[in-house]
Each structure stands twice: as structure tokens, then as C-alpha cells.
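This report refers to the structure that appears directly beneath it.
What follows is calculated from the coordinates using simple rules that are stated; it is not laboratory data. These numbers come from a predicted model, not from an experiment. We place every Cβ from the backbone using ideal geometry, glycine too, and count neighbours over all the protein chains shown.
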Amino acid sequence: MAKLHKAKTKLEKQFKQTSGKLRNEKFLANAPEEIIAKEKDKLIEFQSKLDKIAETMTRLEGI
């Protein structure tokens, strides 16, 4: 369970950084479209992984 907490914390940090970039007007104005698209894909990937970790933690707590 400790590994899951550590992974969750790391992913939450990465999610926060990436979403911060995507909210930054200067980044959006200056970055090429492909970079913005990559950042959006990363955000989706992080959210998916966080959802899986949360699901696994819920299942483990039920045991």
C-alpha cells in the first residue's frame, strides 16, 4: 500500500505541473501546437493512472 501512496503522490505532482503549464497563457501563446498536444496527452495519461491507483487502493482497503 505504501508503494501505491508514493506512486499516487508522484502522479499528483506531475498532474499539477502539467495542468499548470496548460493554464499558463504565455506557454499556450508561445508553445508549438504539437507540444501543447503532448502536454494534454500527458494530462489524460496521468488522470487515467491516478484513477487506476485509486481503484486499486479502494479494493485493497476492502480486503
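Return the whole-Å distance between the Cα centroid of the stretch 1-39 and the Cα centroid of the stretch 45-63.
19 Å
If you place +1 on the Cβ of every Lys and Arg, -1 on the Cβ of every Asp and Glu, and leave all else neutral, what size is the dipole of the chain about its Cα centre, to the nearest 20 Debye?
Magnitude of the dipole: close to 320 debye.
In deg cm²/dmol, rounded to 500, what helix-only [θ] at 222 nm does the chain give when every DSSP H run of at least 4 residues adds -39500 (n - 2.57) and the total is split over its residues?
That calculation yields -31000 deg cm²/dmol at 222 nm.
Based on the Cα atoms of the chain, what semi-axes does the equivalent ellipsoid have, where each is the square root of 5 times one gyration tensor eigenvalue, given in whole Å with the largest first?
Three semi-axes, in Å: 30, 10, 7.
Pairing the Cα long axis of helix 2-23 with the longest principal axis of the chain, what angle in degrees results, from 0 to 90 and rounded to the nearest 10?
Approximately 20 degrees, to the nearest 10.
Grab the Cα-Cα distance for residue 60 and residue 14, subtract it from 0.36 nm times how many residues apart they are, and report the gain in nm with one decimal.
So the chain would gain 14.1 nm between residue 60 and residue 14.
How tilted is helix 33-61 with respect to the longest principal axis of the chain? Cα atoms for both, answer in degrees (0 to 90, nearest 10).
Roughly 10 degrees, rounded to the nearest 10.
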